[in-house]
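The values are calculated or read from the model by the stated rules, or taken from the named source; none is laboratory data. Please read these numbers as outputs of a predicted model, since none were measured by experiment. FYI the Cβ positions are ideal-geometry reconstructions off the backbone, even for glycines, and counts take in every protein chain you see.
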C-alpha cells in the first residue's frame with residue numbers, strides 16, 4: 001500500500017487531534033491504536049477515547065473515518081498483478097496484515113474502483129488480519145498461525161513486505177523474504193521464487 005503519514009497527521013489535526021510524527025512517542029495513543037488493530041478495542045470505543053482524551057473539539061464518525069483512512073493513498077498495482085499471477089500458476093497466496101475493520105472496508109472500496117466486480121480479499125487463498133486474529137506482525141504467533149493452519153514449513157514460504165522490521169521478523173522465523181519497494185516489479189518477485197524452487201530441488 002502507498003501510504004502518507006504526514007497526510008494522516010494533517011487530517012487528524014483538522015478534527016482536533018494532534019498526532020505525533022512518531023506514535024511511539026505517545027504511549028497512550030500508540031496503545032489505543034495497537035489495541036484497535038488487534039481487535040481488543042472496538043472502533044466505537046476508539047472513537048470515544050480519542051474524542052474524550054485527545055480532541056480539542058467534537059467531530060462526527062464520518063469525519064473520523066475520513067481522517068483515519070487518509071493515511072492510505074492507493075495500491076501498488078504491480079503487487080496485485082503479482083498475486084494474481086502467482087495464483088494462476090498454482091501457488092498459494094496468503095495475506096498477513098496489520099489492519100483494522102475501517103481500513104479493510106476502505107481498501108475494498110479502493111480495490112473495486114480499480115477492479116469492478118472483484119473483491120480485494122478474494123485475491124488470496126486466505127487472509128490473516130490482525131484485528132481478527134488478535135496478533136500483529138510483531139508477534140511470532142501471527143506467523144506461526146499461518147504455518148500451522150496451512151501445514152507449511154518456513155523454508156517453503158516467501159514473505160513480501162515493504163517494511164524492514166517485518167522482513168527481519170520473517171527471517172528470524174526462517175521464512176524467505178522479498179523487501180518490496182516502489183521500484184519492485186512482478187518479474188523480480190517471480191525470479192526470486194524461481195530461484196527458491198531451483199534451490200529446493
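Counting only residues that are assigned to a loop (DSSP other than H, G, I, E, B) and at pLDDT 95 or above, which one in the stretch 158-191 is surrounded by the most Cβ atoms within 10 Å (Cβ to Cβ)?
For the stretch 158-191, the residue satisfying everything is 175.
For the subset of the stretch 5-28 comprising residues that are in a loop (DSSP other than H, G, I, E, B) and surrounded by 12 or more Cβ atoms within 10 Å (Cβ to Cβ), which member is nearest to the chain's Cα centre (by Cα)?
19
Can you spot a residue in the stretch 125-136 that is in contact with a helix residue (DSSP H, G or I) (Cβ under 7 Å, 6 or more places away or on another chain) and part of a loop (DSSP other than H, G, I, E, B)?
Looking for residues that are in contact with a helix residue (DSSP H, G or I) (Cβ under 7 Å, 6 or more places away or on another chain) and part of a loop (DSSP other than H, G, I, E, B), one finds at least one in the stretch 125-136, hence yes.
Suppose we filter 152, 147, 107 for residues that are modelled with pLDDT of 95 or more, over 20 Å from residue 3 (Cβ atoms) and assigned to a helix (DSSP H, G or I); which single one remains? Break it down stepwise before answering.
Values: 152 fails: assigned to a helix (DSSP H, G or I); 107 fails: over 20 Å from residue 3 (Cβ atoms).
From the options 152, 147, 107, the qualifying one is 147.
Please verify whether the stretch 79-98 includes one or more residues that are modelled with pLDDT under 95, surrounded by 15 or more Cβ atoms within 10 Å (Cβ to Cβ) and within 22 Å of residue 5 (Cβ to Cβ).
yes
Does residue 107 qualify as being under 23 Å from residue 35 (Cβ atoms) and either surrounded by fewer than 18 Cβ atoms within 10 Å (Cβ to Cβ) or not assigned by TED's automatic domain parsing to the domain that holds residue 68 (or both)?
Yes, satisfied.
Give the residues of the stretch 49-58 that are under 22 Å from residue 34 (Cβ atoms) and either in contact with a helix residue (DSSP H, G or I) (Cβ under 8 Å, 6 or more places away or on another chain) or surrounded by 14 or more Cβ atoms within 10 Å (Cβ to Cβ) (or both), sorted by residue number.
Across the stretch 49-58, the qualifying residues are 49, 50, 51, 53, 54, 55.
What number of residues within the stretch 29-70 are in a loop (DSSP other than H, G, I, E, B) and either modelled with pLDDT of 95 or more or out of contact with any strand residue (DSSP E or B) (no Cβ under 7 Å at 6 or more places or on another chain) (or both)?
11
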